[in-house]
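In what follows, a single structure is set out as structure tokens and then discussed.
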Amino acid sequence: MPINILMPALSPTMEKGNLAKWLKKEGDKVKSGDVIAEIETDKATMEVEAVDEGTIAKILVPEGTQDVAVNDVIAVLAGDGEDVKAAGAGAASAPPKAAPAAEAPAAKPATAPAPAAKAAPTAAPVAAPQPAASAAQANGHGRIFSSPLARRLAKEAGIELGRINGSGPHGRVIARDVEEAKSGKGLKAPAAAPSAGPAIAPSMSDKQVLALFEPGSYEVIPHDGMRRTIAQRLTASIQTVPHFYLTMDCDIGKLLAAREEINTAAPKDKEKKPLYKLSVNDFAIKALAVALQRIPNCNVSWTDGGMLKHKHSDVGVAVAMPGGLITPIIRKAETKSLSTISGEMKDFAARARARKLKPEEYQGGTTAVSNLGMYGINHFTAVINPPHATILAVGTSEERAVVRNGKIEVAHMMSVTLSCDHRAIDGALGAELIGAFKMLIENPVMMMV
């Protein structure tokens, strides 16, 4: 019996992905563990391994296809002894569909869920509210039934599929429905805000925004998956997490001297290049990790059921990449040396920009550091990334005039701002945390104690 290969869920929060590349073609034999395709999520490009053995009879989703829903059938595998041509012809004439949530799946996904699924209760970011869809349009997972062409047209037009009334079989959204929606026909009203929460003024519609500008004076660039995810998560964070901010100025003269001495003494490789080169950001990561151990009531995550008090300081670090940013995590940062932290960050940054990070490398964490000092920014505030309860915004180091013992002196100062989730951390507690960070960053030798 032919085996359906489904679009796998590569992370706990994945709903769709782009089928970037097929590494096998129709007629190729595969065995369990063979890499058969590359899937792009909003954050990374990941390899998909085959679970079953057989011959690829038919590829149903060509490479380059975007927004393929999890559990959609992407190919059909003919088992040993089966007629490959017959299996492929059957798939072409009647493409198999993934089973609804109420039924048993027709086949196993091409790969098992990523290891990060273990951390799903604490690692899954808060999702932005989605428009309501009729029962006829959505399956058990809340996905909207729609044709690939309709999804593409809706994405190009910037229209949420959940707002379009489908006229196809079982309420399926088809291309004609999207065309009508562009002119304002067949659109549902946006979902009302929950009555239990405060009323939030709706943002301007696409039509209202476009009406403010002269036709031809702009170019519409469709949002990619990463930009949409960032927008949803940060909007949800700023609307649902009560932020407050604490700022301190830190004298990092001792840190700069120690950094120069450590980098000068770094061992060399065969090509006489230093094995590591510490940055100010490496010190900031270590200082925040140790500070959380000293003020453990800040090393927490808020849930409605109770407070999660973490044993280790898993520090996420914001890394800019084309189209957005990602936050890889230094696990147990309080236990690691500065050179180890530096090496991990260089590896994470390189793989993040190539979209090669694994979900478990950027999901979860207990806090985060965002550093814009390299751009000359001396002060800013950062938005908390749930499930974190804090994030530290680090500005540039600069020479400033300070008063010491009644005399004006020049010092290397750096401003840092701690954003706190007021549900989990009160003002005085947050002040203790940033105070502990200041003591450590100003006296870096104390990080080793």
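For the stretch 343-400, what does the alpha-carbon gyration tensor say about shape, rounded, prolate or oblate, given a ≥ b ≥ c as the root eigenvalues, a/c under 1.5 as rounded, and a/b over b/c as prolate? Let's see the in-between values first.
Working: a/c = 2.83, a/b = 1.42, b/c = 2.00.
Since a/c reaches 1.5 but b/c is at least a/b, the shape of the stretch 343-400 is classed as oblate.
Keeping every protein chain present and rolling a 1.4 Å probe, give me the accessible area per residue for the stretch 266-362 in Å². Provide the component values of the computation, followed by the final result.
Values: 4620 Å² over 97 residues.
Accessible area per residue, the stretch 266-362: 48 Å².
Can you compute the charge dipole magnitude of the stretch 6-53 about its Cα centre, using +1 on each Lys and Arg Cβ and -1 on each Asp and Glu Cβ, nothing else charged? Give it in debye, rounded to the nearest 20.
On the way: 7 positive and 11 negative charges, 18 e Å.
Around 80 debye, computed over the stretch 6-53.
Based on the mean of other Cβ atoms within 10 Å per residue, sort peptides 159-166, 232-239 so the most packed one is first. All intermediate terms of the calculation are to be shown ahead of the outcome.
Working: 159-166: 20.6, 232-239: 16.4.
My ranking of the peptides, most packed first, is 159-166, 232-239.
For the stretch 1-53, build the convex hull from the C-alpha positions and give me its volume per residue in Å³. Please list the in-between numbers first.
Numbers: hull volume 4.7 nm³, N = 53.
Value for the stretch 1-53: 89 Å³ per residue.
Can you send over the carbon and sulfur percentage of the accessible area for the stretch 321-449, probe radius 1.4 Å, protein chains only?
Working: 3190 of 5580 Å².
Carbon and sulfur: 57 percent of the exposed surface of the stretch 321-449.
Taking the Cβ of I230 as the centre, find all other residues whose Cβ is under 12 Å away and add up their charges (Lys, Arg: +1; Asp, Glu: -1). Before the final figure, lay out the partial values.
Working: positive: K43, R227, R228, R233; negative: D42, D224.
Charge balance near I230 sits at +2.
Run a plain Debye calculation on the stretch 22-80 (Cα atoms as equal point scatterers, no solvent) and give log10 I(q)/I(0) at q = 0.13, 0.25 Å⁻¹, rounded to two decimals, same order as the q list.
Listed by q, the Debye log ratios stand at -0.32, -1.13.
Enter the per residue convex hull volume of the stretch 346-449, computed from alpha-carbon coordinates, in Å³ rounded to the nearest integer.
On the way: hull volume 16.2 nm³, N = 104.
Value for the stretch 346-449: 156 Å³ per residue.
What order do M374, M204, M7 take when sorted by accessible area (1.4 Å probe), most exposed first? Present the calculation step by step, with values, prior to reporting the outcome.
Working: M374 130, M204 105, M7 0 Å².
If we order M374, M204, M7 from most to least accessible, we get M374, M204, M7.
Where does the Debye-calculated log10 I(q)/I(0) of the stretch 284-354 sit at q = 0.20, 0.21, 0.25 Å⁻¹, using only Cα point scatterers of equal weight, no solvent?
Listed by q, the Debye log ratios stand at -0.85, -0.89, -1.05.
For the stretch 377-408 and the stretch 15-32, compute the distance between their C-alpha centroids and round to whole Å.
Cα centroid to Cα centroid, the span is 48 Å.
Once you order the gyration tensor axes a ≥ b ≥ c over the Cα atoms, which shape class does the stretch 211-365 get: rounded for a/c under 1.5, otherwise prolate or oblate by comparing a/b with b/c? Present the calculation step by step, with values, prior to reporting the outcome.
Working: a/c = 1.99, a/b = 1.34, b/c = 1.48.
Oblate, because a/c is 1.5 or more while a/b does not exceed b/c.
Report the dimensions of the stretch 378-436 along its three principal axes from the alpha-carbon atoms, largest first, rounded to Å.
The Cα atoms of the stretch 378-436 stretch 44, 22, 13 Å along their principal axes.
Heavy-atom accessible area of K25 with all protein chains present, probe 1.4 Å, nearest 10 Å²?
130 Å²
The values are calculated or read from the model by the stated rules, or taken from the named source; none is laboratory data. Remember, predicted model here, so these are calculated numbers, not experimental data. Please note: Cβ atoms are built from the backbone with ideal geometry, for glycine as well, and neighbour counts cover all protein chains shown. Ligands, DNA and RNA are stripped out before the accessible areas are found, and what is left, the full protein with its side chains, is counted by its heavy atoms. Shrake-Rupley method; radii C 1.70, N 1.55, O 1.52, S 1.80 Å.
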